[in-house]
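Only one structure is covered here, and it is reproduced in the block below.
We did not get these values from a lab; they are worked out from the coordinates using the rules stated. Treat the numbers as computed from the prediction; the structure is a model and nothing was measured. When we count neighbours, we look across all protein chains shown, and the Cβ atoms used for this are built from the backbone with ideal geometry, even at glycine.
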Amino acid sequence: MNNSADLLKELRIDRSAPPPPTSHRGLWIALAAVAALLVLALVAWAVFGRTRGVEVRTATVAAIGNGSSSGSVLDATGYVVARRMATVSAKITGKVREVFIEEGMKVEEGQVMATLDPLDADAERTLASAQHSAARSQVESVRAQLSEAEANARRLSTLVQQQLVSKAQYDEAVAARDSLRAELITSERNAKVASDRLRIADIGVDNTIVRAPFAGVITAKAAQPGEIVSPLATGGFTRTGIGTIVDMDSLEVEVEVGEAFIGRVQPKMPIEAMLNAYPDWKIPGEVIAIIPAADRGKATVKVRVALKQKDARIVPDMGVSVRFLQTEPPKDAAPVARGVRVPASALTQRDGADVAFAIAGEDADRVELRTVKTGRSLGDDREVLSGLSAGDEVVLDPPAELDDGARVRVAGATAQ
């Protein structure tokens, strides 16, 4: 028992003993790790963050009139239109019997496009033909009676001179002859009316045949066999046309030019047209006329432009861009310095001056602020007379915080 008690006493903690000395080694290790992380973060920012720069889009500055002896004085957009286009319909109301056209089909002038049910027209013509025959028979009958009456009057004239018949008999024969003469005139007029009615009936039969008014291409087929067509818009399910025909030789361009720039356009002025569907195809042409009317809402004036090339790729309602070219200057005229063509979105203002940011630096990673002198508007572009040169890369839509010498990253260059 005593031994157990002694053992328990030995297990008791002696609180009077001094605490062991503490070590600061772990704290120093933690501080060193934090410092290393800070150094690595600064190095990463210096290597990656500072060189990243602002992401921008660029465009290439182009010379005006490059590759051409005539520069552009104005750019506009419009559409291809046909001066000769018609929605062909029948002259009468009737049911479609046959349709001989399809979209894209070429037709000649007078070619049959469709036919209507001729039942009513044929009946009218048959009746008019019968009436005409009856009228002609009536004329022949009266003419025969008149011939007999004239012979009888001549015979009685001789007998009355010989006093073999009475004067009353002779007068009666003359009256009968004159009456038949008048009746013959009436019959001949009735026959003429019947002939005219027959000719009208023939026209009615011909109206059941729809023909092409001119040569062209079918762009729309509007009716099918069995449908009712009418030249009048009666509503419901009645069609007002058989099809639409376009004379492709009459295609031209119609553009809208702002009132402020219409003074630059003159009749017979050369142009260069580019279809939106074929942007690399430049079609020469010239101004036909300036329509003497302005659109009050749009503040524009319409200009008609002729295309000097005919091609099956040109179809109505195509979008087209038109460049109005300046005419050749006189041979003795002094050369005129030309500027460059810059997207309008590349120009901005700093301290009240027009500026642009050009890509500079050995690695093309910095911008250079350039003060520019602008000229006329060229559609979505502007003419720059000084400050930029052809081939320079300029920043599009420069942000407000962009400044001279700032680092940038080019997202993608678009040739202008």
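Loop-resident trypsin sites (Lys or Arg not before Pro) (DSSP state other than H, G, I, E or B) in the range 62-140 with no more than 15 further Cβ atoms inside 10 Å of their Cβ: R83, R84, K91. For the range 380-410, the set of GluC sites (Glu not before Pro) satisfying both a DSSP loop assignment and a count of at most 12 other C-beta atoms within 10 Å is given as E401.
Cross-link pairs exceeding 28 Å in C-alpha to C-alpha distance, out of K91/K308; K221/K310; K221/K302; K221/K308; K268/K298; K308/K373, comprise K91/K308; K221/K302; K221/K308; K308/K373.
Neighbours of A59, meaning other residues whose beta-carbon lies under 13 angstrom from its beta-carbon, give a summed charge of -2 when Lys and Arg score +1 and Asp and Glu score -1. Of the peptides 309-317, 402-410, 342-350, the order by per-residue mean of other Cβ atoms within 10 Å, starting with the highest, comes out as 342-350, 402-410, 309-317.
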